[in-house]
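Below is one structure, written out as structure tokens; the observations come after it.
Throughout, read-outs are computed from the coordinates displayed, never taken from laboratory work. Given the structure is predicted, the values throughout are model-derived calculations rather than measurements. Positions of Cβ are generated from backbone atoms using ideal geometry, with glycine treated the same way; all protein chains shown enter the neighbour counts.
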Amino acid sequence: MSMLLVELAVVISTFIGLTIGCCCIYWVKVKPCPRRARWGRRLFILTLLSLGTVALVAAIMRADGLAPLGLLSGMLIVGMLWESPVVAPEDSSPL
């Protein structure tokens with residue numbers, strides 16, 4: 001019964017981490033507001049720390065849902081650090 005609760009907690013935290021992590025990436029990358037980007041970075045770090053804590057507990061309990069949790073953490077880091085192309089300002093001066 002205890003393993004079932006651990007597995008359920010790992011799956012739920014994986015989906016919650018995915019949702020919050022994607023929202024943080026959206027705030028940092030898409031919305032160019034400095035205040036929102038700062039809060040997005042802070043919430044992103046908090047999300048990664050909480051996913052790491054859940055992964056540690058899942059590893060101690062030898063849960064099967066540890067692999068998707070680890071992959072999610074890695075993909076969130078890649079998504080945050082991925083460089084998006086910078087839009088060059090249009091030059092309206094005649095040649």
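Observations
- Averaging 1/r across all pairs of distinct Cα atoms in the chain and inverting the result yields a Kirkwood radius of 15.0 Å.
- Working note: 222 nm ellipticity from helices only, DSSP H runs with n ≥ 4, each -39,500 (n - 2.57), summed and divided by the residues of the chain, gives -26500 deg cm²/dmol to the nearest 500.
- Student exercise, the chain dipole from Lys, Arg, Asp, Glu Cβ charges, in Debye to nearest 20: 400 debye
- Estimated dipole of the stretch 1-57 in Debye, rounded to 20 [Cβ of Lys and Arg +1, of Asp and Glu -1, Cα centre]: 580 debye
- With the simple spin-label model, which puts each label point 7 Å out from Cα in the Cβ direction, the I16 to R38 separation comes to 2.7 nm.
- Environment charge of M3, counting only residues whose C-beta is closer than 15 Å and scoring Lys/Arg +1, Asp/Glu -1: -1
- GNM top mover of I16, I60, I77 - the chain, alpha-carbon springs below 10 Å: I60
- The value of relative contact order for the chain, using C-alpha pairs under 8 Å at least six residues apart, is 36 percent.
- The chain: DSSP helices with Cα axial extent of at least 24 Å and average Kyte-Doolittle hydropathy no lower than 1.6: 2-29
- Full extension of the chain between L49 and A9 yields a length gain of 12.8 nm, computed as 0.36 nm times the residue separation minus the alpha carbon distance.
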